[in-house]
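Asker: Sharing a structure here in structure tokens format.
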Ligand SMILES: [Zn+2]
């Protein structure tokens, strides 16, 4: 069956398949159309021939030809397979499909289990694992017991250590690829180990079966983390790391989402046994549905620098809609993250984890501390931060409670606060269609100008791409993920002679950055396409976007300097005031 899928994908082009249902128009490197899955007046449905994927920036649907046919025909996967097989002229062997599927799954579980043991042996018993073991024990402070409980291993830095081993055991190449432990070499036909030179975390489900792996490089290679891609047994949007070991405690005390696998393991080691994480993806509805079998209490753990706080808004909203009781845990300064705190003070970590605070109290105290609530500007800023979060509270009692509290904290009338909070939901009360149209430009709303910049560079000829990335610095970016993509892009472009190859660039990225980048690549509403005129428009747009990002960045720096000046003034440090004022003046010239 998998063979049929590959054959079909080789024979069919996504542009022809989708083009046979709706009319596509060339737009730059991509194609665009009015989305067949939601009502819209301006096209936001994009198709990429290079990546063989589609994505609607209005309603969010996307995927490959199989997803498209399933959605547009309203059929399940086997039927979509039949439809596409017919189009492609590929014969399907149809007998006992289901049986075949379960045989395949059985084989993959078997391969994953043997692979886990192989990696464990390499880490704990073989001398090639010494460096990895040192990393886990000395740098990460894990003890041998934890390493064994989580079945950590080491994938040797070799092209075919694992493949060779599994082939000797009688497994076929295609099964190794299907299970995700091996990949086809980009040139030639032979297969190679997917994980090389990496500490390996098996992804284990609640039946104690290994579904896949996450590998962390120990040689500073990119990507830092590599995950098993989707396989017949591993679906990342359904998987929660740590649930296998912590689910009984989670039933009792609720679940806490932390940043990564290492946090889960080091927490477990010091006796905190209710943490989990999702890796290579943001929290999904599927994951919340699974979690709800065990608890309705969930908390999110935030690092002391508040990284990821905005990214969590969606997760919080989703969890609330599913009736979770949502709380927050804040890692106190000067500790970077949970792992860091555990390493220096395990008892304190336990105390903090045991007492999560209600999410809205957390936001309120955080934002009240961020600005001076006694000044008019401070009040305004605090409200600006509060509105997007508090206006979404759907529970009337909670809502009233916080309006009262905010009103007394800021000394602003309750009526004013009500009206500010209502401005946002009232937009939602518009008709469904209008709402969709509003949402349509959802990508720039999330990644904004900065995302738009990346999107433009990815489509520019090599020379303008390179000169564009040289004009900005990582610090100019506000969105962390986009900043990271920018950095990778800069490195990638450094000694490249030909135009960007989107596929090779994507392969250098971690799963989550990969997802964002392919969306940004598809994000494209230029009318002029690949023509000379189109190139000019692209260049002009790029120049403008760079200017605007620079200005935004300067403005942010000026804000910081001006608050530093105020601080220096209260300290009566005149020298510092003078120095900062000069800096301010110099920098502000950039805005002219
Ligand atoms: Zn759509």
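The values are calculated or read from the model by the stated rules, or taken from the named source; none is laboratory data. Treat the numbers as computed from the prediction; the structure is a model and nothing was measured. Positions of Cβ are generated from backbone atoms using ideal geometry, with glycine treated the same way; all protein chains shown enter the neighbour counts.
Asker: Kindly evaluate residue 18 against the criterion of being within 16 Å of the ligand (Cβ to nearest atom), on the phi < 0 side of the Ramachandran plot and without any contact (Cβ under 8 Å) to a residue 60 or more places away in the chain. If you could, list the steps in order and put the result at the bottom.
Answerer: Numbers: within 16 Å of the ligand (Cβ to nearest atom): yes; on the phi < 0 side of the Ramachandran plot: yes; without any contact (Cβ under 8 Å) to a residue 60 or more places away in the chain: yes.
Against the criterion (within 16 Å of the ligand (Cβ to nearest atom), on the phi < 0 side of the Ramachandran plot and without any contact (Cβ under 8 Å) to a residue 60 or more places away in the chain), residue 18 qualifies.
Asker: Another question about this same structure. If residue 26 passes every condition in (1) more than 12 Å from the ligand (Cβ to nearest atom); (2) buried (at least 18 other Cβ atoms within 10 Å of the Cβ) but one, which one does it miss?
Answerer: (2)
Asker: Could you run through the stretch 456-490 and say how many residues are free of Cβ contacts under 8 Å to residues at least 40 places away in the same chain and exposed (fewer than 13 other Cβ atoms within 10 Å of the Cβ)?
Answerer: Going through the stretch 456-490 one residue at a time, the tally reaches 3.
Asker: What number goes with the only condition from (1) under 25 Å from residue 393 (Cα atoms); (2) in contact (Cβ under 8 Å) with a residue 60 or more places away in the chain; (3) outside any loop (DSSP other than H, G, I, E, B) that residue 301 does not pass?
Answerer: (2)
Asker: Determine whether the stretch 71-90 contains at least one residue that is within 16 Å of the ligand (Cβ to nearest atom), more than 30 Å from residue 154 (Cβ to Cβ) and surrounded by 15 or more Cβ atoms within 10 Å (Cβ to Cβ).
Answerer: If we filter the stretch 71-90 for residues that are within 16 Å of the ligand (Cβ to nearest atom), which is where we start, we get 71-72, 74.
Next, from what is left, pick out any that are more than 30 Å from residue 154 (Cβ to Cβ): 71-72, 74.
Checking which are surrounded by 15 or more Cβ atoms within 10 Å (Cβ to Cβ) leaves us with 71-72.
Among the residues of the stretch 71-90, at least one is within 16 Å of the ligand (Cβ to nearest atom), more than 30 Å from residue 154 (Cβ to Cβ) and surrounded by 15 or more Cβ atoms within 10 Å (Cβ to Cβ), which makes the answer yes.
Asker: Ok, one more. Taking the stretch 389-411 as the search range and keeping residues that are surrounded by 13 or more Cβ atoms within 10 Å (Cβ to Cβ) and within 28 Å of the chain's Cα centre (by Cα), which one is modelled with the highest pLDDT? Let's see the steps before the verdict.
Answerer: From the stretch 389-411, those surrounded by 13 or more Cβ atoms within 10 Å (Cβ to Cβ) are 389-393, 398-403, 405-407, 409-410; that's our starting set.
Restricting the remaining residues to those that are within 28 Å of the chain's Cα centre (by Cα) gives 389-393.
On the way: 389: 84, 390: 87, 391: 84, 392: 79, 393: 79.
This residue is 390.
Asker: On the given criteria, is residue 370 outside the structural domain of residue 299 (by TED's automatic domain parsing), under 28 Å from residue 257 (Cβ atoms), surrounded by 13 or more Cβ atoms within 10 Å (Cβ to Cβ) and in contact (Cβ under 8 Å) with a residue 40 or more places away in the chain? Don't jump to the end; show me each part of the working.
Answerer: Values: outside the structural domain of residue 299 (by TED's automatic domain parsing): yes; under 28 Å from residue 257 (Cβ atoms): yes; surrounded by 13 or more Cβ atoms within 10 Å (Cβ to Cβ): yes; in contact (Cβ under 8 Å) with a residue 40 or more places away in the chain: no.
Here the answer is no, as residue 370 does not meet what is asked.
Asker: On to the next question. Within the stretch 9-23, identify whether any single residue is closer than 22 Å to residue 458 by Cβ and surrounded by fewer than 16 Cβ atoms within 10 Å (Cβ to Cβ), and answer yes or no. Can you show your working first?
Answerer: Of the stretch 9-23, the ones closer than 22 Å to residue 458 by Cβ are 13-15, 18.
The next check asks that each one be surrounded by fewer than 16 Cβ atoms within 10 Å (Cβ to Cβ); those that pass are 13.
Yes, there is a match, as at least one residue in the stretch 9-23 is closer than 22 Å to residue 458 by Cβ and surrounded by fewer than 16 Cβ atoms within 10 Å (Cβ to Cβ).
Asker: State which residue pairs qualify: first residue not assigned by TED's automatic domain parsing to the domain that holds residue 159 and inside the stretch 174-194, second residue part of a strand (DSSP E or B) and at pLDDT below 90 in any location, beta carbons under 6 Å apart, and separation of 6 or more residues or different chains.
Answerer: Qualifying pairs under 6 Å: none.
Asker: Additional query: Can you tell me how many residues in the stretch 391-411 are in contact (Cβ under 8 Å) with a residue 24 or more places away in the chain and in a helix (DSSP H, G or I)?
Answerer: Residues in the stretch 391-411 being in contact (Cβ under 8 Å) with a residue 24 or more places away in the chain and in a helix (DSSP H, G or I): 6 in total.
Asker: Let me ask you something else. Can you tell me how many residues in the stretch 37-70 are more than 26 Å from the chain's Cα centre (by Cα) and within 10 Å of the ligand (Cβ to nearest atom)?
Answerer: 2
Asker: Could you list, in sequence order, the residues of the stretch 246-297 that are touching a residue at least 24 places away in the same chain (Cβ under 8 Å), more than 20 Å from the chain's Cα centre (by Cα) and part of a loop (DSSP other than H, G, I, E, B)?
Answerer: 254, 270, 271, 272, 273, 274, 292, 294, 295, 296
Asker: So which helices (runs of 4 or more DSSP H) stay within the stretch 412-500 end to end and still have 2 or more residues that are under 26 Å from the mean Cα position of the chain (by Cα), modelled with pLDDT of 90 or more and assigned by TED's automatic domain parsing to the domain that holds residue 555? Walk me through how you get there before you give the answer.
Answerer: Working: elements: 414-428, 432-439, 442-458, 462-470, 480-494.
Output list reads 442-458, 462-470, 480-494.
Asker: Within the stretch 331-363, work out how many residues are within 19 Å of residue 264 (Cβ to Cβ), out of contact with any helix residue (DSSP H, G or I) (no Cβ under 8 Å at 6 or more places or on another chain) and surrounded by 13 or more Cβ atoms within 10 Å (Cβ to Cβ).
Answerer: Qualifying residue count, the stretch 331-363: 6.
Asker: Right, another one. Applying the selection to the stretch 195-230, what residues are part of a loop (DSSP other than H, G, I, E, B), within 19 Å of the chain's Cα centre (by Cα) and touching a residue at least 60 places away in the same chain (Cβ under 8 Å)? Walk me through how you get there before you give the answer.
Answerer: Of all residues in the stretch 195-230, those part of a loop (DSSP other than H, G, I, E, B) come to 195-197, 205-209, 218-224, 228-230.
If we keep only those that are within 19 Å of the chain's Cα centre (by Cα) too, we end up with 222-224, 228-230.
The answer is 222, 223, 224.
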